[in-house]
Each structure stands twice: as structure tokens, then as C-alpha cells.
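Worksheet: one structure, shown below.
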Ligand SMILES: Cc1cc2nc3c(=O)[nH]c(=O)nc-3n(C[C@H](O)[C@H](O)[C@H](O)COP(=O)(O)OP(=O)(O)OC[C@H]3O[C@@H](n4cnc5c(N)ncnc54)[C@H](O)[C@@H]3O)c2cc1C
């Protein structure tokens, strides 16, 4: 079968690319080894798909080339995706920090993409295992459903995270096959594990959450930290995991909106217990453990100024002794990917193999939590679809 464009990967970026290319009149075939397409869209945003973010810019993405995203983002904005939703009567809502979610559920977005692709006559082959690629006179894709040929080939196979949803290393191998480089791959937006020493100490806090600021080096995020059986998760931790080198320490300001030193000094003549004051600002279960670790809490009038300063320091700069981050099974995305030096930022086309394109998470572009990864999938898929 001969097509203008073959896209490997029926996820967010592949479907957007298919739609854009087919709307230009190109004949398009999308292949996916999974029995069901767009499975990550379906589970995204807790089933409500955090599909984009009103606040958009290169600073919300990590890449060895921070400007790589600029062209694609400027040509496909959050408003462009919202127009698509509105055209299909899909309701959405804006939450904190500009995060855009479906009011209904994620399947509405998958249905939208499919109906638009079908209207534009995009062909699909699901459950289709690709066994080889070659490029002599155009591209040849060998699969267990036959050999497909095309002028352009788009790799939209995503990252390594959530192999249970069809992720694998196909895209990186394809890049290497065509002489392109791949940067170091790491799990990102992932929970963090306590050291073997601290895990049993904090295991009893599983389920407790604290609004805090987590920092590594000069990078910090404020948001929820959630204790789990093995470590910590929650938005602040997921965000910092993408920037953490796994060796440096992580510091947590447990009371980012309170000057606890001044508060304790103000009350230092009182007989009120330290734990009673802390209970007003932090979850009781955490305070109990924290106080136990510091020594039994005393009435405030029994602490010296130095002791109060030390208590304040350890609440504003609590060292999280993390052993590492969870792996790709629990990571929302992959940090790193196909090196952007080998790609055109305007078209996503390979500089090593004309006609070969890479889109979405397989590229060395990782968004922050908050709809940025799906937006990158839409924007890069759209950019390639204009040229493939
Ligand atoms: C649990 C979870 C929740 C998330 N929530 C959000 C969110 O709310 N907002 C957000 O912005 N991002 C979210 N993300 C990240 C986001 O889903 C991804 O970044 C995005 O889907 C990447 O799009 P993609 O098209 O590059 O890859 P994918 O959507 O992963 O699609 C890749 C496709 O390629 C197929 N494929 C892989 N290998 C092969 C092969 N060898 N042959 C054929 N087909 C293959 C896969 O089956 C898959 O269908 C979430 C991720 C996870 C895991």
C-alpha cells in the first residue's frame, strides 16, 4: 500500500499530525501496535485530560535547546485547541495556574480527534506490529499486516513512561537507525523514594499531604506533597523530579507562607506546647512524628532563642533524604529524547533523513505538569503535519 504519509503511533501527537496532513490533502495512514489508540489521552488528567495550559511559553519545557519549542508553540496555541473543542461542543474548564481540563472526560477528546481524522479520510491500522523500516526510494514500513510505503514517515511513538499503555523504545531506535542522536533518557514527573533508612520512619504518614515548597538548587515548586508508602508524590514532587539530578539533596519548606520563627518568638513566654502551635499549620500526624524526631515537644517558654531558630530552620528547610525516583512504570513522561540538533524546529523533519519526522514526547522536549506535555504533542504534531 502506498501513501503520502505514514505515521507510527496513534497517540496525541500522531493523531494531530494525521489530521493536519490529511486536511492538506495528503493520503495518511496511522499505524499503532496497541489494540486501542490514544490510551494516554484517556488516562490523562485523572480521566479529565489536562489538555493544555493558558500560560504557555518555552520556559515551561525542558530541553537541551530551550528555544526548540518556540516556532511550533507560536503556530499552535492553547486557543487553537480550544477552538477545536468548541467546534465539537466539548466543555472545558480552567483550573489553578491556567490548567485546562475537559469538564466531561478524556474520551471526548479522543472521539474528537478520531471523528476529525475520519472526516479527513485518515486510515488506521491498530494491533499492527512494526518489524522494520527502510528508506531507499521513499520509506518502507514492514509490519505483521504487510509492507506499507510512503513519501514521508512520521515517528510519533512517545516516550518510555507507562509501558503498560504501549510505550516502548521504538522511536529512539528509529532515530539511531537514521544516524540521529538521542539524549539521556530519565523518568520525569515521577514520585520520589525515601532512603532505606527513612522509608520505615515515614511509612505511617502515607496519605498525609502538605502544601509546601520543594527545591533543588535554584529550582523550586510550591504545591502539594503527598506521603506514600515508599516516599513522596503530589504535584510539587512530580514537578521537582524533572529537575532533580538524583544526587543533590531536596529541601522542603514545610511552611512557605508563614514566618514560623517570628510566630514562635512572639509566643515564647507562653506555656503552650510547640506541637499545639504546629498543629494549627501542619497535619497533626506529621507534627507528631516531626516532634518525636526532634525530641518530645516542650512548652514554648522552655525553648531558648537558639533552639527556636533551629526549629524554624528545620521547618523551612527540611532535608528530604531521597534515595531515587520511581521508574518509567510510574513516571508521567520521559526526560530527554531525540536530540533537537538533528531536527528542524519549524517542521520537526530530520536533518539526517529528509522526509522523516519526529513529533511529541519522543523528542527531547519535556513539559512541566499542567497540560504542557499534551500541548507539546498537539503543537509538534501540527507543525509536522503542515510539511509531511
Ligand atoms: C498517567 C498519565 C497521565 C498523564 N496526564 C497528562 C495530562 O493530564 N496532561 C498532559 O499534558 N500530559 C499528561 N501526560 C503525558 C502525555 O500523555 C504524553 O506526554 C503524551 O500523550 C505524549 O504524546 P505522544 O503522541 O508523543 O505519545 P503517546 O500519546 O504515548 O502515543 C504514542 C503511541 O505510539 C504507540 N507506539 C509505541 N511504540 C510503538 C511501536 N513500536 N509500533 C507502533 N506503535 C507504537 C503507542 O501505542 C501509542 O499509541 C500523562 C501521562 C501519563 C502516563
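Scanning segment 70-80 turns up no residue that is at negative phi, within 11 Å of the ligand (Cβ to nearest atom), in a loop (DSSP other than H, G, I, E, B) and at pLDDT 95 or above.
Of all residues in segment 272-283, those that are within 20 Å of residue 306 (Cβ to Cβ) and in a loop (DSSP other than H, G, I, E, B) total 1. Which of the residues spanning segment 17-32 are touching a strand residue (DSSP E or B) at 6+ places or on another chain (Cβ under 6 Å) and away from the ligand (no atom under 13 Å from the Cβ)? Those that are touching a strand residue (DSSP E or B) at 6+ places or on another chain (Cβ under 6 Å) and away from the ligand (no atom under 13 Å from the Cβ): 21, 22, 26, 27, 28.
Just one of the numbered conditions (1) on the phi < 0 side of the Ramachandran plot; (2) surrounded by 15 or more Cβ atoms within 10 Å (Cβ to Cβ) is not true of residue 234; which one? Among (1) on the phi < 0 side of the Ramachandran plot; (2) surrounded by 15 or more Cβ atoms within 10 Å (Cβ to Cβ), the lone unmet condition for residue 234 is (1). Quick one: in segment 366-388, of everything that is within 24 Å of residue 92 (Cβ to Cβ) and in a loop (DSSP other than H, G, I, E, B), which residue is nearest to the ligand (Cβ to nearest atom)? Of everything passing the filter in segment 366-388, 371 is nearest to the ligand (Cβ to nearest atom). In this entry, residue 14 is excluded by the filter for residues that are within 15 Å of the ligand (Cβ to nearest atom), assigned to a helix (DSSP H, G or I) and surrounded by fewer than 24 Cβ atoms within 10 Å (Cβ to Cβ). Within segment 108-134, the residues that satisfy the criterion of being touching a residue at least 24 places away in the same chain (Cβ under 8 Å) and either farther than 28 Å from residue 168 by Cα or surrounded by fewer than 15 Cβ atoms within 10 Å (Cβ to Cβ) (or both) are 115, 120, 121, 126, 127, 129.
Checking every residue in segment 33-50 against the condition of being more than 30 Å from residue 131 (Cβ to Cβ), part of a loop (DSSP other than H, G, I, E, B) and within 7 Å of the ligand (Cβ to nearest atom) gives at least one match. Can you find a residue in segment 322-343 that is near the ligand (Cβ under 8 Å from one of its atoms), out of contact with any strand residue (DSSP E or B) (no Cβ under 8 Å at 6 or more places or on another chain) and under 19 Å from residue 64 (Cβ atoms)? So far as segment 322-343 goes, no, none of its residues is near the ligand (Cβ under 8 Å from one of its atoms), out of contact with any strand residue (DSSP E or B) (no Cβ under 8 Å at 6 or more places or on another chain) and under 19 Å from residue 64 (Cβ atoms).
If we keep just the residues of segment 344-365 that are in a strand (DSSP E or B) and within 12 Å of the ligand (Cβ to nearest atom), which is surrounded by the fewest Cβ atoms within 10 Å (Cβ to Cβ)? Across segment 344-365, the extreme among qualifying residues is 358. Within segment 56-69, the presence of at least one residue that is in a strand (DSSP E or B), within 13 Å of the ligand (Cβ to nearest atom), within 15 Å of the chain's Cα centre (by Cα) and closer than 22 Å to residue 171 by Cβ is confirmed. Only a single item in (1) touching a helix residue (DSSP H, G or I) at 6+ places or on another chain (Cβ under 9 Å); (2) touching a residue at least 60 places away in the same chain (Cβ under 8 Å); (3) within 30 Å of residue 150 (Cα to Cα) is not met by residue 347, and it is number (2).
The values are calculated or read from the model by the stated rules, or taken from the named source; none is laboratory data. Predicted model only: the values in this text are computed from it and were never measured. Positions of Cβ are backbone-derived with ideal geometry, glycine not excepted, and every protein chain shown enters the neighbour counts.
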